[in-house]
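A short worksheet on the structure shown next.
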Amino acid sequence: MSELEILKYPNRQLTKPCPPVINIDGRLQGQIDQMFKTLYVSQGLGLAAPQVGCLQSFFIYDLGLQEKKTSHAHERIVVLNPEIVEMEGEEIADEGCLSIPGYFEKINRAYRVLMKGLDREGKEIRIEAEGLTARLFQHEIDHLKGVLMLSHLSRLKRDMFLRKFKKQKKQAALK
Ligand code: NI
């Protein structure tokens, strides 16, 4: 089983909203397994289906991959058709995205969320989370709506990102 290519900004696939998962079949399970392989190779915490070109509303995550592995063992979690049903509080913290490699910026997110969805067998799940995990849920669900973390930046920071991005692109073209 090979890993999948992660689409990078500014790929337009990343800006398309994903329709819900309808068929929970072998093909979907294969896609999920390939996404976990891709997540482990790239050392991210979470990966949304559209990031690998699959326009379906689901994401995967494994908090065992975070740097300070104090409280989380490896646990492969899949959430199909996720939806945040409650959120409260705010927290500003660094955030990154596998589709925008090397870029980290402080983003304001709800501190605590309640998310519902389906597991990979189609069973209903509800997960309450705070801090980093709540942030991850909001980030991945944004991907499913075609929204990147750049949308949460102030205009000034977004302009700075775009300038830096254009410059890097130009330098890469010259090589
Ligand atoms: Ni991302």
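With a 1.4 Å probe rolled over the protein heavy atoms of all chains, the accessible area of Lys169, Lys164 falls in the order Lys169, Lys164, largest first.
Normalised Debye scattering of segment 1-158 at q = 0.08, 0.15 Å⁻¹ gives log10 I(q)/I(0) of -0.21, -0.77, counting only Cα atoms as equal scatterers and leaving out solvent.
Gain on full extension, evaluated as 0.36 nm per residue between Glu90 and Lys169 minus their Cα-Cα distance, stands at 25.0 nm. Could you tell me the distance between the Cα centroids of segment 156-175 and segment 23-39, to the nearest Å? Segment 156-175 and segment 23-39 have Cα centres separated by 34 Å. Remark on segment 42-114: Rg and Dmax equal 13.4, 34 Å (Cα only). Backbone amide hydrogens, once placed in the peptide plane, bring Gly53 within less than 5 Å of Leu7, excluding anything fewer than 5 places away on its chain. Accessible surface for segment 12-174, divided over its residues, is 57 Å² per residue with a 1.4 Å probe. Ordered from highest to lowest accessible area with the whole protein assembly present and a 1.4 Å probe, His143, His74, His152 read as His74, His152, His143. In order along segment 9-14, the Karplus-derived 3J(HN,Hα) couplings, from 6.51 cos²θ - 1.76 cosθ + 1.60 at θ = phi - 60°, round to 3, x, 3, 6, 4, 6 Hz, and Gly and Pro are given as x.
Accessible area of Lys167 (1.4 Å probe, protein heavy atoms only, ligands and nucleic acids ignored): about 130 Å².
What percent do you get for the relative contact order of segment 95-175 when only Cα pairs under 8 Å and 6+ apart count?
Relative contact order here is 21 percent.
Pairwise Cα distances in segment 120-175 exceed 15 Å in 68 percent of cases.
Helix-derived [θ] at 222 nm for the chain: sum -39500 (n - 2.57) over DSSP H runs of at least 4, divide by residue count, nearest 500?
Rounded to the nearest 500, it is -10000 deg cm²/dmol.
In the chain, Cα pairs under 8 Å separated by at least six residues give a relative contact order of 22 percent. Positive end of the dipole of the chain (Cβ unit charges, origin at the Cα centre): among Ala49, Ala172, Cys97, the Cα lying farthest that way belongs to Ala172.
Val85 contributes about 60 Å² of solvent-accessible surface, heavy atoms of the protein only, 1.4 Å probe. Whole-Hz Karplus values for segment 76-90 come out as 8, 10, 10, 10, 8, 6, x, 8, 8, 9, 9, 8, 8, x, 9 Hz, taken residue by residue from phi with 6.51 cos²θ - 1.76 cosθ + 1.60 and θ = phi - 60°; glycine and proline positions read x.
Can you send over the carbon and sulfur percentage of the accessible area for the chain, probe radius 1.4 Å, protein chains only? Ligands and nucleic acids excluded, carbon and sulfur give 50 percent.
The values are calculated or read from the model by the stated rules, or taken from the named source; none is laboratory data. Just so we're clear, the structure is a prediction, and the values are computed from it rather than from any experiment. We place every Cβ from the backbone using ideal geometry, glycine too, and count neighbours over all the protein chains shown. Quick note on the areas: whole protein, heavy atoms, side chains included, nothing else; ligands and nucleic acids left out. Shrake-Rupley method; radii C 1.70, N 1.55, O 1.52, S 1.80 Å.
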